[in-house]
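Data first, discussion second: the structure below is written as structure tokens.
The values are calculated or read from the model by the stated rules, or taken from the named source; none is laboratory data. All figures in this text were calculated on a predicted structure; none of them were measured in a lab. Here Cβ is always computed from backbone atoms with ideal geometry, including for glycine, and neighbour counts include all displayed protein chains.
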Amino acid sequence: MKNKLIAPSLLSADFGNLQRDIEMLNNSQADWIHVDVMDGRFVPNISFGFPVMKTVQEHAKKFVDVHLMILEPEKYVEEFIEFGADLISVHFETCTHLHRTIHLIQSKGAKAGVVLNPSTPVLMLEDIIADVDLVLLMSVNPGFGGQKFIENTYKKIKETKDLILSNNSTALIEIDGGVNLDNASKLFEAGADILVAGNAVFSSVSPERTIELLKI
Ligand code: DX5
Ligand code: ZN
């Protein structure tokens, strides 16, 4: 997969017009569609589950990137894959048996990512980096769109890149939270491959144009 990808987050879409917003993304330069699933337990917010995932499956023509912010994600990964997930990322903080969960996702035919909260050190990935397809670094505390980007993320991108290189891993680096037109190019330069953007895309006057500009 090439880098400099943009993954708009449906969390900031208009749920009353979800099909319209997905079609807008289909016709834009967006590369992936980011789907944020929250359970009100791991994170202090509830977003959506399978019915919305079904709508995504019916209309999305782009790579579907599912971010599970739920406890016991291993119970649900197969169903998300049946509902069209191309990649599923699970939080390090929610997986007692992370190795098993990563391989379960891959064995069902999807790519597998691991997510780190802002306070979880990159070194925790040392023994899983060779197995994962993607590392998702949270650049806000998960749970809500529209939060302020945490600057320490730049340091974590560098550490993740070093870890990937020293283990001959092919994992991509994705950044999620507070991405906007001011920090996108700096994040790509720092080594990010994919940027998630919710508020920056959907609150702009022209979401399609913002997606284009995020790549520059
Ligand atoms: C936060 C979610 C993000 C969120 C990003 O918990 O994981 O994907 O939608 O939203 P913005 O880009 O508005 O920070
Ligand atoms: Zn997310």
Residue among Val37, Val56, Val43 that alone is touching a His at 6+ places or on another chain (Cβ under 8 Å) and β-branched (Val, Ile, Thr): Val37
Show the residue pairs that are 6+ apart or on different chains and have beta-carbon atoms under 7 Å apart, the first residue being within segment 2-23 and within 13 Å of ligand 2 (Cβ to nearest atom), the second being part of a loop (DSSP other than H, G, I, E, B) and among the acidic types (Asp, Glu). Ala7/Asp31
Looking at Asp36, is it surrounded by 18 or more Cβ atoms within 10 Å (Cβ to Cβ), under 25 Å from Gln106 (Cβ atoms) and either away from ligand 2 (no atom under 14 Å from the Cβ) or of a type in the set (Asp, Glu) (or both)? yes
Would you be able to say whether some residue in segment 192-206 is within 12 Å of ligand 2 (Cβ to nearest atom), out of contact with any Gly (no Cβ under 7 Å at 6 or more places or on another chain) and assigned to a loop (DSSP other than H, G, I, E, B)? no
Can you name the residue in segment 61-70 that is within 16 Å of ligand 2 (Cβ to nearest atom) and part of a loop (DSSP other than H, G, I, E, B) and, of all such residues, is surrounded by the fewest Cβ atoms within 10 Å (Cβ to Cβ)? Lys62
Residue pairs meeting the criteria (Cβ under 6 Å; at least 6 apart or on separate chains; first under 19 Å from Asp162 (Cα atoms), in segment 125-151; second charged (D, E, K, R) and buried (at least 21 other Cβ atoms within 10 Å of the Cβ)): Leu134/Glu174; Leu136/Glu174; Leu136/Asp176; Leu137/Lys156; Met138/Asp176
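Yes/no matrix, rows are residues, columns are (1) more than 17 Å from Asn141 (Cα to Cα); (2) in a strand (DSSP E or B):
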residue: Ala7; (1), (2): yes, yes
residue: Leu11; (1), (2): no, no
residue: Gly16; (1), (2): yes, no
residue: Glu23; (1), (2): yes, no
residue: Ala30; (1), (2): yes, no
residue: Ile33; (1), (2): yes, yes
residue: Val37; (1), (2): no, yes
residue: Arg41; (1), (2): no, no
residue: Thr55; (1), (2): yes, no
Within the bounds of segment 103-114, is there any residue that is more than 15 Å from ligand 1 (Cβ to nearest atom), aliphatic (A, V, I, L, M) and under 12 Å from the mean Cα position of the chain (by Cα)? yes
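Okay, residues lined up against (1) in a helix (DSSP H, G or I); (2) within 29 Å of Leu104 (Cβ to Cβ); (3) in contact with an Asp or Glu (Cβ under 7 Å, 6 or more places away or on another chain):
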site: Thr120; (1), (2), (3): no, yes, yes
site: Asn141; (1), (2), (3): no, yes, no
site: Phe149; (1), (2), (3): no, no, no
site: Lys155; (1), (2), (3): yes, no, no
site: Lys158; (1), (2), (3): yes, no, no
site: Phe188; (1), (2), (3): yes, no, no
site: Ile216; (1), (2), (3): no, no, no
Name every residue in segment 121-166 that is within 16 Å of ligand 1 (Cβ to nearest atom), farther than 18 Å from Ala200 by Cα and surrounded by fewer than 19 Cβ atoms within 10 Å (Cβ to Cβ), in order of residue number. Asn152
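Residue-wise test of (1) surrounded by 14 or more Cβ atoms within 10 Å (Cβ to Cβ); (2) modelled with pLDDT of 95 or more; (3) among the hydroxyl-bearing types (Ser, Thr, Tyr); (4) over 23 Å from Val77 (Cβ atoms).
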| residue | (1), (2), (3), (4) |
| --- | --- |
| Ser9 | yes, yes, yes, no |
| Leu18 | yes, yes, no, no |
| Asp21 | yes, yes, no, yes |
| Ser28 | yes, yes, yes, yes |
| Trp32 | yes, yes, no, no |
| Gly40 | no, yes, no, no |
| Ser47 | yes, yes, yes, no |
Kindly evaluate Leu137 against the criterion of being part of a strand (DSSP E or B) and either touching a Lys or Arg at 6+ places or on another chain (Cβ under 7 Å) or farther than 19 Å from Asp65 by Cα (or both). yes
Being over 21 Å from Gly113 (Cβ atoms) and surrounded by 17 or more Cβ atoms within 10 Å (Cβ to Cβ) is the filter here; which residues of segment 184-199 pass it? Asn199
